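One structure below.
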Amino acid sequence: MKDSFKIPQFLLRFALGITFLTPVSDRLGLLGPAGTGNVEWGNWDNFISYTTTLMPFLDRPMVNVMGGIATVCELVIGILLIIGFKTKYAAIAGSLLTLTFIVFMTLFVGIQKPINFGVFTATAASFLLSRIPNYEWSLDNFFKGK
């Protein structure tokens, strides 16, 4: 049976990786200052202020910790997806992380925010990627051959 997933899984891995890395770059100020172009936060403080609206039951220092955990998770997931290392697990983690975002966004700012940010798409795409049997052009595939 021919593997028809070679190019789609590669493109999906790359697109999801960028999807996870772009918000990290935004909140670290790498995409420019707040209010310019397509910059959502522009710095860490703006990101934490937004995150506080998603977790009103936590005090600001704890929100800072949770924002840090989410940021590290997004960074690691994005890198793992792009290089194709532990792809299945990175995709599952990405799906669970974005599903968590959906729940908090929907509960505290409404259903429109996760729709606008493409969080439903990222969740579904991550889950789909986790179900693909072979990750061509990946470190997973490279190590599997050894």
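The values are calculated or read from the model by the stated rules, or taken from the named source; none is laboratory data. For clarity, every value in this text was computed on a predicted model and none was experimentally measured. Virtual Cβ from ideal backbone geometry, glycine too; neighbours counted across all protein chains shown. Just the protein is used for accessible areas: all its heavy atoms, side chains included, with ligands, DNA and RNA removed. Shrake-Rupley method; radii C 1.70, N 1.55, O 1.52, S 1.80 Å.
What the table shows:
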quantity: Top-ranked residue in the range 57-88 [being charged (D, E, K, R) and surrounded by fewer than 15 Cβ atoms within 10 Å (Cβ to Cβ); ranked as nearest to residue 28 (Cα to Cα)]; calculated: 60
quantity: Unmet criterion (only one of (1) out of contact with any helix residue (DSSP H, G or I) (no Cβ under 9 Å at 6 or more places or on another chain); (2) open to solvent by less than 70 Å² (accessible area, probe 1.4 Å); (3) modelled with pLDDT under 95) for residue 7; calculated: (2)
quantity: Output for the range 27-68, where each listed residue is aliphatic (A, V, I, L, M), modelled with pLDDT of 95 or more and more than 20 Å from the chain's Cα centre (by Cα); calculated: 58, 62
quantity: Counted residues, the range 18-54 - those being part of a loop (DSSP other than H, G, I, E, B), among the aliphatic types (A, V, I, L, M) and surrounded by fewer than 16 Cβ atoms within 10 Å (Cβ to Cβ); calculated: 3
quantity: Among (1) in contact with a Phe, Trp or Tyr (Cβ under 8 Å, 6 or more places away or on another chain); (2) open to solvent by 30 Å² or more (accessible area, probe 1.4 Å); (3) free of Cβ contacts under 8 Å to residues at least 60 places away in the same chain - the single one residue 119 does not satisfy; calculated: (2)
quantity: Evaluation of residue 92 against (1) open to solvent by 50 Å² or more (accessible area, probe 1.4 Å); (2) of a type in the set (Val, Ile, Thr); (3) farther than 23 Å from residue 4 by Cα (one fails), failing number; calculated: (3)
